[in-house]
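**Q** Just dropping this structure here.
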Amino acid sequence: MDIGAQFGIYSLFAKYLPLSTFYAFEPFPATFELLNDNMTLNNITNVKTFNLAISNTQGISTLNTSANHNGLHTLGQNPLRFNDINPIDVNTTTLDIVFKDIPVHYITPLDISQIVLKIILVC
């Protein structure tokens with residue numbers, strides 16, 4: 001599971017585990033396109049990508065984006081790491097909803113932030 005996958009640096013590991021299914025979530029539309037392009041370019045077919053933010057609720061939330069650094073985007077209300085804030089609305093969902101009908105043997109978070117860890121612990 002790659003939450004806030006950006007262009008898929010951690011999802012690239014799926015290439016070496018072809019019998020596994022990876023799940024990559026990237027809410028920022030332009031970066032989501034890069035994620036899909038990266039999977040296609042590397043001929044990776046076992047990564048399911050979602051243009052969604054993982055949260056503790058399903059709906060629409062504000063993603064505070066940084067105009068100068070793609071890796072700083074946050075659902076946090078008070079981004080302290082950057083000043084060039086460009087808020088956009090993104091769709092959110094929960095892990096419970098995503099995996100409701102998917103048999104999951106085990107989940108290994110590949111790249112998580114403190115807020116994502118809180119979401120995982122709530123599920």
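The values are calculated or read from the model by the stated rules, or taken from the named source; none is laboratory data. Please read these numbers as outputs of a predicted model, since none were measured by experiment. Using ideal geometry, Cβ is built from the backbone for each residue, glycine included, and neighbour counts are taken over all protein chains shown.
Residue-wise test of (1) within 23 Å of ASN86 (Cα to Cα); (2) surrounded by 19 or more Cβ atoms within 10 Å (Cβ to Cβ); (3) in contact with a helix residue (DSSP H, G or I) (Cβ under 6 Å, 6 or more places away or on another chain); (4) aliphatic (A, V, I, L, M).
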{"position": "ILE9", "(1), (2), (3), (4)": "no, no, no, yes"}
{"position": "THR21", "(1), (2), (3), (4)": "no, no, no, no"}
{"position": "GLU26", "(1), (2), (3), (4)": "yes, yes, yes, no"}
{"position": "PHE32", "(1), (2), (3), (4)": "yes, yes, no, no"}
{"position": "LEU41", "(1), (2), (3), (4)": "no, no, no, yes"}
{"position": "THR49", "(1), (2), (3), (4)": "no, yes, yes, no"}
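Each row is one residue, and each column tells you yes or no for (1) touching a strand residue (DSSP E or B) at 6+ places or on another chain (Cβ under 8 Å); (2) closer than 22 Å to PRO103 by Cβ; (3) in contact (Cβ under 8 Å) with a residue 12 or more places away in the chain; (4) outside any loop (DSSP other than H, G, I, E, B).
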site: PHE7; (1), (2), (3), (4): no, no, yes, no
site: LYS15; (1), (2), (3), (4): no, no, yes, yes
site: PRO18; (1), (2), (3), (4): no, yes, yes, no
site: TYR23; (1), (2), (3), (4): yes, yes, yes, yes
site: ASN36; (1), (2), (3), (4): yes, no, yes, yes
site: THR40; (1), (2), (3), (4): no, no, no, yes
site: SER61; (1), (2), (3), (4): yes, no, yes, yes
site: ASN68; (1), (2), (3), (4): no, no, yes, no
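**Q** If I ask for residues that are of a type outside the set (Ser, Thr, Tyr) and surrounded by 19 or more Cβ atoms within 10 Å (Cβ to Cβ), which ones from the stretch 65-80 would you list? Working first, answer last.
**A** Step one: list which residues in the stretch 65-80 are of a type outside the set (Ser, Thr, Tyr), which gives 67-73, 75-80.
Listed by number, the residues that qualify are HIS73, LEU75.
**Q** If a residue has to be modelled with pLDDT under 85, out of contact with any Lys or Arg (no Cβ under 9 Å at 6 or more places or on another chain) and closer than 26 Å to PHE22 by Cβ to count, how many in the stretch 54-98 make the cut?
**A** 6
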